[in-house]
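What follows is a short report on a single structure.
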Amino acid sequence: MNHSTAAEMVTNFCLNHLPDLKEAKLDREYYYAHLPLCVVDSVFSMGVKYESVRNVIGRIGGMFNNNLFRAFGSEPGDTSQQISIREFQQILGSTTPEELAEKIYGNRQRTSTQNGILKAAAVNQFLQVLADFEVDYFQDVPKLFTNKSFELHIKSIPGQASGICLSYFFMLAGNDTLIKPDRMVEAFLTGIVGRKCTLAESQEILTEASNLLGEQGYEMNPRLLDNVIWNYQRKLATLKA
């Protein structure tokens, strides 16, 4: 099955099984008020139920004056209203990853079951790469979208080689052309295509499907379609539980 055929099948499925497609909107996590929250979310979201990520974000709310989200549908605020990457690093200070995992994030998950590091440590490394590339605010992120050196640095963090975490970070930071093919989206595409799709294939299929939906009058892009599919799969999983 070629990608165009798969995209048509995804489009038809969405049209037939997702009646609220015209009212589709992004979840609140796509409207974080501060860039460091995108780092924390993207790292802690890998391979787990998303409720645990929301718990982590809730625990560190005080570090952001309990101002975690901007208005729904809004663009990032002025940099003077944002806590920067470097400011967040200063807030964390010299606290060790073990202490961060135990006392700050309340989450001792690791980036992988084999040779993984604490996700708290991975967040630190991700933050440092951003600082090294002089990225502090949402407004700085677009210059990284096609930066291969930045991509390689992030993928060198233990557990991030697949690039899924990086794609999700970019999505949270405002890029609407990418998808996060996690287990929910993977299961959706496998059910339609009949086999597991690679990251590149998933990206191509959902990009084309979002274009097809756009041609039929739906305001759609790959990021929103990814989110719609994720929520659909999540509801299915809840019903089966």
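Within the bounds of the range 15-36, is there any residue that is surrounded by 12 or more Cβ atoms within 10 Å (Cβ to Cβ), charged (D, E, K, R), closer than 30 Å to Lys235 by Cβ and touching a strand residue (DSSP E or B) at 6+ places or on another chain (Cβ under 7 Å)? Yes, there is a match, as at least one residue in the range 15-36 is surrounded by 12 or more Cβ atoms within 10 Å (Cβ to Cβ), charged (D, E, K, R), closer than 30 Å to Lys235 by Cβ and touching a strand residue (DSSP E or B) at 6+ places or on another chain (Cβ under 7 Å). Only one entry in Tyr218, Tyr168 is assigned to a loop (DSSP other than H, G, I, E, B) and of a type in the set (Phe, Trp, Tyr), namely Tyr218. Can we say Tyr137 is among the hydroxyl-bearing types (Ser, Thr, Tyr) and over 17 Å from Ser45 (Cα atoms)? Taking the combined requirement at face value, the residue satisfies it.
Each row is one residue, and each column tells you yes or no for (1) within 17 Å of the chain's Cα centre (by Cα); (2) in contact (Cβ under 8 Å) with a residue 12 or more places away in the chain; (3) in the same structural domain as Arg234 (by TED's automatic domain parsing); (4) not in a helix (DSSP H, G or I).
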residue: Ile154; (1), (2), (3), (4): yes, yes, no, no
residue: Ala161; (1), (2), (3), (4): yes, no, no, yes
residue: Ala200; (1), (2), (3), (4): yes, no, yes, no
residue: Gly214; (1), (2), (3), (4): no, no, yes, no
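Residues in the range 8-67 that are touching a residue at least 60 places away in the same chain (Cβ under 8 Å), more than 20 Å from Asn231 (Cβ to Cβ) and touching a helix residue (DSSP H, G or I) at 6+ places or on another chain (Cβ under 6 Å): Leu35, Pro36, Val39, Val40, Val43. Restricting attention to the range 73-85, does a residue exist that is within 21 Å of Asn107 (Cβ to Cβ), in the same structural domain as Gln139 (by TED's automatic domain parsing), at pLDDT 95 or above and not hydrophobic (A, V, I, L, M, F, W, C)? The answer is no; no qualifying residue exists. Taking Gly106, is it on the phi > 0 side of the Ramachandran plot, surrounded by fewer than 20 Cβ atoms within 10 Å (Cβ to Cβ), part of a loop (DSSP other than H, G, I, E, B) and under 17 Å from the mean Cα position of the chain (by Cα)? No: the conditions fail for Gly106.
Could you check, for the range 46-64, whether at least one of its residues is in a loop (DSSP other than H, G, I, E, B) and at pLDDT 95 or above? Looking through the range 46-64, at least one residue is in a loop (DSSP other than H, G, I, E, B) and at pLDDT 95 or above.
The values are calculated or read from the model by the stated rules, or taken from the named source; none is laboratory data. Since we're looking at a predicted model, the values are computed, not measured. All Cβ positions, glycine included, derive from the backbone under ideal geometry; neighbour counts span all protein chains shown.
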